[in-house]
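Down below is the structure, laid out as structure tokens.
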Amino acid sequence: MPAMVVANSSDIHTTATTPLLYPRSSPCRPRFEPHQDDLTLRHAQSGRKKTREPKEENVTLGPAVREGEHVFGVAHIFASFNDTFIHVTDLSGRETLVRITGGMKVKADRDESSPYAAMLASQDVAVRCKELGITALHIKLRATGGNKTKTPGPGAQSALRALARSGMKIGRIEDVTPVPTDSTRRKGGRRGRRL
């Protein structure tokens, strides 16, 4: 409990058992000076460094597998005429492992959907998959679809070829372009797009 100072009497005393000789705000209050033995002890302790031997632990990402087994992921390749997305998930499709686009690899807007940008993106995806322990991929390829074009963009074939060349095993290749059974009216008007 801190000492309470009573200021209305002539001599300063406290309500606690030990008397307070100087008020806390007094300039003549003595400051604590450490003893020479304390200083040498403190310097001796600071000079001694704690040296722990670093324990090397092999951190492995992904599932533990036996030799020769393949761990599959799913590569969703969306190739439109404006960009190419390469999105790798687990088999359920809920957990994203890596997602890289052609636009992340090139500066110019017109090059986002190019085969070169798709190839660079695929190489980065393959490197990240190997870090995570994914050795094989099922491919789900899609174009824009709907009431727009059902043809994949220029980066689709290049992305798939780059994945295969970078050492990833390819499982099934599936076209998942959305095809409408009935649809809203396509853009372009009654007479179509005039060039």
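The values are calculated or read from the model by the stated rules, or taken from the named source; none is laboratory data. These figures come from a predicted structure and were not determined experimentally. We place every Cβ from the backbone using ideal geometry, glycine too, and count neighbours over all the protein chains shown.
From GLY188, GLY146, grab the single residue that is more than 29 Å from the chain's Cα centre (by Cα), at positive phi and surrounded by 11 or more Cβ atoms within 10 Å (Cβ to Cβ). Checking each option against the conditions leaves just GLY146. On the stretch given as the range 151-174, residues that are closer than 21 Å to ASP83 by Cα, in contact (Cβ under 8 Å) with a residue 12 or more places away in the chain and surrounded by 14 or more Cβ atoms within 10 Å (Cβ to Cβ) total 12.
Looking only at residues of the range 125-143 that are crowded, with 17+ Cβ neighbours inside 10 Å and free of Cβ contacts under 8 Å to residues at least 60 places away in the same chain, we find that the one that is nearest to ARG186 (Cα to Cα) is VAL125.
If you check VAL71, VAL125, VAL65, which single one turns out to be modelled with pLDDT of 95 or more and of a type outside the set (Phe, Trp, Tyr)?
Details: VAL71 fails: modelled with pLDDT of 95 or more; VAL65 fails: modelled with pLDDT of 95 or more.
Result of the check over VAL71, VAL125, VAL65: VAL125.
When residues in the range 107-124 are screened for being closer than 30 Å to ARG185 by Cβ and buried (at least 20 other Cβ atoms within 10 Å of the Cβ), 2 of them pass. Every condition in (1) closer than 19 Å to HIS70 by Cα; (2) of a type outside the set (A, V, I, L, M); (3) in contact with a helix residue (DSSP H, G or I) (Cβ under 6 Å, 6 or more places away or on another chain) holds for HIS138 except the one numbered (3).
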